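Participant: Have a look at this one.
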Amino acid sequence: MNALILSSSPNTDGLTAACVDAVRSGLTSGGIDASEVRLTDANVGVCQQCADGWGTCRSDHVCQVSDGFQAVHARVRDADALILVTPVYWGDLSESAKAFVDRLRRCEATAGDGSPLAGRWFMGVAAAGGSGGGQISCLEQMERLIGHVRMKRWDLIALCRWTREAKLHAMQSSAAALAHALHEEA
Ligand SMILES: Cc1cc2nc3c(=O)[nH]c(=O)nc-3n(C[C@H](O)[C@H](O)[C@H](O)COP(=O)(O)O)c2cc1C
């Protein structure tokens with residue numbers, strides 16, 4: 001079994017990276033193979049709103065814009081659980097996360113219960129390292145994604161600089177519990 005962590009900060013040693021380490025530690029301690037895709041390095045452009053607004057995302061559940069999206073999409077489809085860790089930018093997902101999520105949603109929401117994502121666990125982390133504002137609105141975007149692609153909500157965790165250590169422990173523990181649940185369900 002495997003879990004895929006999507007991260008979306010350009011910084012390799014910031015708050016987002018600390019969250020990725022905590023989540024990965026929890027998953028691996030629970031015997032789940034956890035790999036990371038850094039979306040800032042994945043060459044995923046924005047949706048081109050093909051034709052009248054829909055392209056092959058609607059008919060074939062694949063994106064016709066050829067770039068780094070296809071490789072990450074394939075890995076998401078193969079994962080038993082998906083974890084999205086984003087810095088909070090403008091109270092929202094960072095741009096690289098938004099670009100990927102927008103295109104993923106189009107391909108998978110249109111597949112309905114036939115999507116491989118349907119029924120799989122999702123965990124989201126919103127790292128607000130500035131004012132701490134926008135944690136809820138960022139998580140709300142993840143909640144909308146979960147609904148659109150019919151994933152199951154494992155946990156949605158937000159943190160800021162003041163709650164950093166407490167929340168890192170919480171997300172490690174939550175990820176370990178997710179690993180346990182994945183084994184139980186297998
Ligand atoms: C364009 C931009 C917008 C940001 N907006 C917010 C925000 O709405 N709320 C907040 O608490 N921090 C905000 N920040 C700060 C980031 O959340 C903070 O730098 C965070 O630690 C980034 O994660 P990193 O350390 O992994 O880079 C913003 C940063 C940038 C670059």
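Participant: Can you say whether residue 159 is free of Cβ contacts under 8 Å to residues at least 60 places away in the same chain, farther than 18 Å from residue 29 by Cα and surrounded by 20 or more Cβ atoms within 10 Å (Cβ to Cβ), as far as the supplied structure shows?
Facilitator: no
Participant: Look through 72, 85, 23 and report the one residue that is farther than 28 Å from residue 161 by Cα and not polar (S, T, N, Q).
Facilitator: 72
Participant: So residue 33 ticks every box in (1) in contact (Cβ under 8 Å) with a residue 40 or more places away in the chain; (2) over 17 Å from residue 86 (Cα atoms) but one. Which box is left unticked?
Facilitator: (1)
Participant: Just the residues that are out of contact with any Ser or Thr (no Cβ under 8 Å at 6 or more places or on another chain) and closer than 24 Å to residue 104 by Cβ, please, taken from the stretch 160-186.
Facilitator: Hits for the stretch 160-186 are 171, 174, 178, 181, 182, 185.
Participant: Go through the stretch 11-20 and report how many residues are surrounded by 15 or more Cβ atoms within 10 Å (Cβ to Cβ) and in contact with a helix residue (DSSP H, G or I) (Cβ under 9 Å, 6 or more places away or on another chain).
Facilitator: Summing the residues that are surrounded by 15 or more Cβ atoms within 10 Å (Cβ to Cβ) and in contact with a helix residue (DSSP H, G or I) (Cβ under 9 Å, 6 or more places away or on another chain) in the stretch 11-20 gives 3.
Participant: For the stretch 158-181, indicate whether the set of residues that are over 15 Å from the mean Cα position of the chain (by Cα), over 21 Å from residue 98 (Cβ atoms) and β-branched (Val, Ile, Thr) is non-empty.
Facilitator: Among the residues of the stretch 158-181, at least one is over 15 Å from the mean Cα position of the chain (by Cα), over 21 Å from residue 98 (Cβ atoms) and β-branched (Val, Ile, Thr), which makes the answer yes.
Participant: Quick check on my filter: what residues within the stretch 149-170 are in a helix (DSSP H, G or I) and within 14 Å of the ligand (Cβ to nearest atom)?
Facilitator: The answer is 164, 167, 168.
Participant: Can I ask one more? Residues of the stretch 90-148 being among the hydroxyl-bearing types (Ser, Thr, Tyr) and in contact (Cβ under 8 Å) with a residue 40 or more places away in the chain, which ones?
Facilitator: Scanning the stretch 90-148 gives 94, 96, 110, 115, 137.
Participant: Then there is this: Can you name every residue in the stretch 49-67 that is surrounded by fewer than 16 Cβ atoms within 10 Å (Cβ to Cβ), within 30 Å of residue 12 (Cα to Cα) and of a type outside the set (Ser, Thr, Tyr)?
Facilitator: The one that is surrounded by fewer than 16 Cβ atoms within 10 Å (Cβ to Cβ), within 30 Å of residue 12 (Cα to Cα) and of a type outside the set (Ser, Thr, Tyr): 67.
Participant: Identify the single condition in (1) β-branched (Val, Ile, Thr); (2) under 30 Å from residue 31 (Cβ atoms); (3) in a helix (DSSP H, G or I) that residue 136 does not satisfy, given that it satisfies every other one.
Facilitator: Unmet condition: (2).
Participant: Just name the residue that is farthest from residue 85 (Cα to Cα) out of those in the stretch 118-148 that are buried (at least 21 other Cβ atoms within 10 Å of the Cβ) and small (Gly, Ala, Ser).
Facilitator: So, considering only residues that are buried (at least 21 other Cβ atoms within 10 Å of the Cβ) and small (Gly, Ala, Ser), the one farthest from residue 85 (Cα to Cα) is 128.
Participant: Taking the stretch 90-105 on its own, how many of its residues are surrounded by fewer than 23 Cβ atoms within 10 Å (Cβ to Cβ) and either hydrophobic (A, V, I, L, M, F, W, C) or closer than 14 Å to residue 49 by Cα (or both)?
Facilitator: 4
Laboratory data are not the source of any read-out in this text; all were calculated from the coordinates shown. These numbers were taken from a predicted model, which means no experiment stands behind them. Because the Cβ atoms are built from the backbone with ideal geometry, glycine has one as well, and the counts that use them run over all protein chains shown.
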